[in-house]
Amino acid sequence: MKIVLQLFSIILIGLTSIYSLNAQDIKIIKGEEIRSKMKISQIVGEIDNRVYTVFYAKKKFYLRSYNKDLSVDKSLEINMEYKKKHLEMHGVVKIMNRIYSLGQFNNKKTQKKYLLFQEHSPKTLKVIKQWKVLGEIPYEKKRRSGDFSFAYSQNKKRVLVYHYMPYKKGSKQKIAFSVLDSNMNKLWSKKLTLPYSDELFLIKDFEVDDEGNVYLIGKKWKGKPKNVVSGKINFSYVILGYHAQGDDVKEYKLALKDKFITQVKLAVDNNLNLICAGFYTNTKNVYSLGGSFLLKIDHKTSDVMVSNYKDFSVDFITSLMSKRKQEKAKKKKKKGKTIEMPEYDLDALVIRDDGGVLLIGERYYVVSHTYVDANGHRSTTYTYYSTNIIVVNFNPDGSVKWMRRVPKSQSSASPYFLSYVSATYEDNIYFIYNDHVDNSKKKKEIDFGHFSIRVKKANLVAYRINSSGETNYLSLFPAGKGNTLVVPQHSRQLKETKDIILFSTYGKKQKIYRIEFE
């Protein structure tokens, strides 16, 4: 079934004014409805117009493929047994046009945790290469040990498998790397002791480039693990780079003049330079955002090639506030007081083909409510909030081309249907999310209402921002008619076709949607 939305003479709602855009078709392909108790684990990717997914039920995992029209093509239970030992599922990955399932198990005799992989045929889903050990971790219950994690280079030419080694609390952290090629062949491996104790250094992320160089970025405290000491911010961010198969170690310090970096994302561009972008504060409040920055660092010389930042304007900060709150904030600014935004989570750093960068963050928080009944029994409930999105578009020289906020406001007792799916197509960025159906009838974004997840009131929408920063709010389809809701955390854009695959469910009903851009 195909639904084609023709965008010709639609009134489009912008952040501050109304824009008109060129005609464009968006095709929504609706897959068959499946009634099943199985839960989705992940959308793996696409090969030759077939979408691969993983579902699970009763501790069993199934590799399932869909054809171009999103009908179920094949389904196969993943064998999770190795030498008569049951493996724990660690996920399924697609690297180039090959599919691998990953498993792990703890061997009490050898006191080691093993990571294994097997390869599946994209056509039949059957195993074509049996389980093979990929890595191991010393496993001791009384000491800290980690789990296996993965990172991929920009073009998936290199795969990084990393894990924490056991270490005593208060000592220096130990990490092991393995760098693989796209065929899962090991190129090099290294066991490292970081130059910082675990109490004074928090690793935020890992990256690997197409040449197999490895980077980790972390938050480093001075003296004691406190964000503010004696009225001063007490932390900074550093990057450790491991070159020449780990024998050449470089430290890259991140800093802005008169600004305090509070959040940062790391990526590596096609020229192997380090791209760091994030938020900073102009105050001593590490949980407020005063603006956004971009740093571009030469990976060989450690020289900062680009350093730029821009404060959030009062108009930007108050753009989605009520008139009363806007006036209150502007009066505060006129009195010389600092106006900043509350903390946002950094979700993504997207490197554009022209060398520019898109930075995306979302306001996400949890509120707890504790109750005591007549018998003195205490109970606590939680409400999850997923609200506005910030998008900062940097030019290749580091200057800010535009900043925008996406007017999303959601809450629920479960985070399952919250948040969004982001996608880039040509010069546009899209945010797909569940919204209240009445918001599509409103002309001003400040009038948009809050959405507490309810199927009958749910509307799937796309918020589009083009290369000039012009925006539009597009209603895709109501969830109430199909009685399913899109699950953003189990939906994604496919790198190969740029299509978006959406998983939706409610109760036992399940559907897959494909969004195509033309």
| request: Any residue in region 381-401 that's in contact (Cβ under 8 Å) with a residue 40 or more places away in the chain: show its pairings with residues that are part of a strand (DSSP E or B) and among the polar types (S, T, N, Q) at Cβ separation under 6 Å, as long as the two are six or more apart or on different chains. | output: 392/292; 398/308; 399/308; 401/393
| query | Across region 429-454, which residue is nearest to residue 384 (Cα to Cα) among those that are surrounded by fewer than 17 Cβ atoms within 10 Å (Cβ to Cβ) and under 26 Å from the mean Cα position of the chain (by Cα)? | reply | 452
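Which is of a type in the set (D, E, K, R) and surrounded by fewer than 21 Cβ atoms within 10 Å (Cβ to Cβ), of 296, 265, 226?
Of the residues listed, the single one that is of a type in the set (D, E, K, R) and surrounded by fewer than 21 Cβ atoms within 10 Å (Cβ to Cβ) is 226.
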| strands (runs of 3 or more DSSP E) enclosed by region 99-192 - at least 1 residues per element that are modelled with pLDDT of 90 or more and in contact with a His (Cβ under 8 Å, 6 or more places away or on another chain) | 112-120, 127-138, 149-152, 172-181
| Filtered residues of region 500-518 (kept if of a type in the set (D, E, K, R) and outside any loop (DSSP other than H, G, I, E, B)) | 509, 511, 514, 516
| task | Read through the list (1) touching a Leu at 6+ places or on another chain (Cβ under 6 Å); (2) over 16 Å from residue 421 (Cα atoms), then give the number of the only condition that residue 496 fails. | result | (1)
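Would you call residue 497 assigned to a loop (DSSP other than H, G, I, E, B), touching a residue at least 40 places away in the same chain (Cβ under 8 Å) and of a type in the set (Val, Ile, Thr)?
yes
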| Selection status of residue 347, closer than 30 Å to residue 430 by Cβ, touching a residue at least 40 places away in the same chain (Cβ under 8 Å) and exposed (fewer than 14 other Cβ atoms within 10 Å of the Cβ) | no
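Which fully enclosed strands (runs of 3 or more DSSP E) of region 1-91 have 1 or more residues being over 18 Å from residue 125 (Cα atoms), among the polar types (S, T, N, Q) and at pLDDT below 95? Please lay out each step first, then the result.
Working: elements: 2-7, 24-30, 39-47, 50-57, 60-66, 72-77.
Fully inside region 1-91 and qualifying: 2-7, 24-30.
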| request: Could you pull out the residue among 162, 152, 215 that is among the hydroxyl-bearing types (Ser, Thr, Tyr), buried (at least 19 other Cβ atoms within 10 Å of the Cβ) and farther than 27 Å from residue 84 by Cα? | output: 215
| note | Looking across region 228-254 at residues that are out of contact with any Leu (no Cβ under 9 Å at 6 or more places or on another chain) and either in a loop (DSSP other than H, G, I, E, B) or of a type in the set (A, V, I, L, M) (or both), the single one that is modelled with the lowest pLDDT is 231
| Do the conditions hold for residue 420, that is, is it in contact (Cβ under 8 Å) with a residue 12 or more places away in the chain, closer than 22 Å to residue 341 by Cα, among the hydroxyl-bearing types (Ser, Thr, Tyr) and surrounded by 21 or more Cβ atoms within 10 Å (Cβ to Cβ)? | yes
| task | Select, from 363, 324, the only residue that is basic (Lys, Arg) and surrounded by 13 or more Cβ atoms within 10 Å (Cβ to Cβ). | result | 363
| query | Do any strands (runs of 3 or more DSSP E) entirely within region 389-466 hold 1 or more residues that are small (Gly, Ala, Ser), and if so, which? | reply | 410-412, 421-425, 458-465
| Residues of region 61-96 satisfying the condition of being within 24 Å of residue 160 (Cα to Cα), exposed (fewer than 14 other Cβ atoms within 10 Å of the Cβ) and more than 23 Å from the chain's Cα centre (by Cα) | 88
| query | Is it fair to say residue 284 is of a type in the set (Lys, Arg), part of a loop (DSSP other than H, G, I, E, B), out of contact with any Cys (no Cβ under 7 Å at 6 or more places or on another chain) and at pLDDT below 90? | reply | yes
| Check on residue 206, surrounded by 14 or more Cβ atoms within 10 Å (Cβ to Cβ), more than 27 Å from residue 338 (Cα to Cα), of a type in the set (Phe, Trp, Tyr) and within 27 Å of the chain's Cα centre (by Cα) | yes
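The values are calculated or read from the model by the stated rules, or taken from the named source; none is laboratory data. Here the structure is a predicted model, which means the values were calculated and not measured. Neighbour counts run over all protein chains shown; Cβ positions are idealised from the backbone, glycine included.
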